[in-house]
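Presented below is the structure to which this report refers.
The values are calculated or read from the model by the stated rules, or taken from the named source; none is laboratory data. Predicted model only: the values in this text are computed from it and were never measured. As a convention, Cβ positions derive from the backbone with ideal geometry for all residues, glycine included, and neighbour counts pool all protein chains shown.
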Amino acid sequence: MKYKNIIVLFAVASILISCETATSTPTALPDPTAIPTPTPTLPPNWSWKAQMPTARWGHSSSVVHDMIYVFGGVGGSEKVERYDPATDSWMTMTDIPTPRNFMATSVVDGMIYVIGGNQDGWGTKLGTVEVYDPETDTWESRTDMPTARTELSSVSVNGKIYTFGGCVNDECHVVPTVEEYDPATDKWTKKSDMPTPRLLLAACVIDGKVFVIGGLLSSGGPAGGNVEVYDPETDRWDKKADMPKVRAAPVSVFNEMIYVYGGAAVGGGIAHSSLLEYDPVTDTWRMLDDMPIGRFVMTTSVVNGKIYMIGGSSTKSPHRPYLAEVLEYSPEY
């Protein structure tokens with residue numbers, strides 16, 4: 001079987017949230033705080049890059065024409081910033097019409113669809129869909145997602161977008177929901193539920209199949225190691241080998257392999273530095289050398305053979321300071 005590199009963000013992105021705390025819910029967001037530029041002593045396959053203008057976590061990112069676009073997140077819920085790996089520079093773009101955190105983003109035909117999330121800290125769950133045109137730096141509204149939710153994940157396959165999991169209502173009830181969006185018709189369709197409900201999960205695509213990986217099994221609860229594969233053509237699910245470490249963490253695809261970065265094993269918990277590699281052909285996992293620092297609620301994007309880890313947090317709840325750091329990882333070093 002020939003695999004193609006297709007990236008996804010996590011949108012969750014993005015990998016930890018106040019819904020993770022089992023006690024009280026914050027009523028307002030704390031002010032974002034960037035940390036100083038770190039000491040650049042790293043292993044040879046890691047390097048520091050220019051910091052993001054807005055320190056944040058719970059954001060989402062997508063790639064168009066080798067540019068990384070970062071959307072929303074705690075500390076910058078209205079912000080859109082573009083990173084150019086070729087010049088190691090950032091540019092501020094037009095704000096999101098609907099500021100939000102813990103949304104999902106996916107690309108179809110060069111357009112970035114920003115889907116769901118929440119507003120006002122950890123408040124209203126959204127079904128809002130807004131599409132961003134990187135060529136014109138403009139926004140348009142689309143039909144809402146049927147199930148308003150946050151801490152979901154999304155991917156694009158054959159011109160359609162699929163959204164997975166997340167949580168709904170004020171109690172952040174975790175759902176197994178899968179919904180398909182067709183940008184050509186601006187319509188949504190219900191699909192078969194995930195076998196395992198979860199939020200802050202990650203998803204990526206290889207050879208037309210969607211690998212849904214990890215995530216929290218309940219709001220504020222433990223993470224799972226679940227790996228389940230969805231086939232959009234048959235609307236069916238298949239179970240794969242669990243991760244060796246339970247995690248809510250971002251993933252990316254590089255050279256026919258899936259990488260899982262850091263994350264957390266429980267809502268509001270410590271940031272891990274583990275780096276896992278999954279081989280879809282053999283359905284096996286292996287542990288790689290740890291990342292230089294533990295991190296979660298960040299995004300990862302692949303551009304020209306390099307993986308960029310952007311923002312997030314390295315601390316337990318309330319996850320301050322927020323990070324503006326960008327790390328570049330070279331898997332083939």
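Can you tell me which residue is surrounded by the fewest Cβ atoms within 10 Å (Cβ to Cβ) among those in segment 274-285 that are in a loop (DSSP other than H, G, I, E, B) and in contact with a Phe, Trp or Tyr (Cβ under 9 Å, 6 or more places away or on another chain)?
281
Could you figure out which of (1) among the charged types (D, E, K, R); (2) in contact (Cβ under 8 Å) with a residue 12 or more places away in the chain; (3) farther than 21 Å from residue 283 by Cα isn't true of residue 140?
The single condition residue 140 does not satisfy is (2).
Considering only residues that are of a type in the set (Gly, Ala, Ser) and assigned to a strand (DSSP E or B), which ones fall in segment 301-333?
Of everything in segment 301-333, those that are of a type in the set (Gly, Ala, Ser) and assigned to a strand (DSSP E or B) turn out to be 301, 313.
Out of 98, 124, 105, I need the residue that is modelled with pLDDT of 95 or more and surrounded by fewer than 24 Cβ atoms within 10 Å (Cβ to Cβ). Which one?
Going through 98, 124, 105 in turn, the sole match is 98.
Can you find even one residue in segment 286-300 that is part of a strand (DSSP E or B), farther than 23 Å from residue 79 by Cα and β-branched (Val, Ile, Thr)?
No, every residue in segment 286-300 fails to be part of a strand (DSSP E or B), farther than 23 Å from residue 79 by Cα and β-branched (Val, Ile, Thr).
Against the condition within 17 Å of the chain's Cα centre (by Cα), closer than 21 Å to residue 237 by Cβ and touching a residue at least 24 places away in the same chain (Cβ under 8 Å), how does residue 181 come out, does it pass?
Taking the combined requirement at face value, the residue does not satisfy it.
Residue under question is residue 253, and the condition is that it be assigned to a strand (DSSP E or B), modelled with pLDDT of 95 or more, touching a Cys at 6+ places or on another chain (Cβ under 6 Å) and within 24 Å of residue 154 (Cβ to Cβ); does it hold?
The answer is yes for residue 253.
Residue check: is residue 85 under 19 Å from residue 116 (Cβ atoms) and either of a type in the set (Phe, Trp, Tyr) or surrounded by fewer than 23 Cβ atoms within 10 Å (Cβ to Cβ) (or both)?
Judged against the criteria, residue 85 is not a match.
Looking at residue 55, is it under 28 Å from residue 167 (Cα atoms), of a type outside the set (D, E, K, R) and within 12 Å of the chain's Cα centre (by Cα)?
No.
What pairs come out if I take residues in segment 96-121 that are free of Cβ contacts under 8 Å to residues at least 60 places away in the same chain and closer than 18 Å to residue 167 by Cα and pair them with residues that are of a type in the set (Lys, Arg) and part of a strand (DSSP E or B) whose C-beta lies under 9 Å away, six or more apart or interchain?
116/125; 117/125; 118/125; 119/125
Test each condition in (1) at pLDDT 95 or above; (2) surrounded by 17 or more Cβ atoms within 10 Å (Cβ to Cβ); (3) over 15 Å from residue 151 (Cβ atoms) for residue 244 and report the one that comes out false.
So the condition that residue 244 fails would be (2).
I need the full set of residues from segment 208-225 which are out of contact with any Pro (no Cβ under 8 Å at 6 or more places or on another chain), part of a loop (DSSP other than H, G, I, E, B) and in contact (Cβ under 8 Å) with a residue 40 or more places away in the chain, in order please.
Passing the criteria: 214, 215, 218, 219, 220, 221.
Can you name every residue in segment 161-190 that is assigned to a loop (DSSP other than H, G, I, E, B) and surrounded by 18 or more Cβ atoms within 10 Å (Cβ to Cβ)?
165, 166, 172, 175, 177, 183
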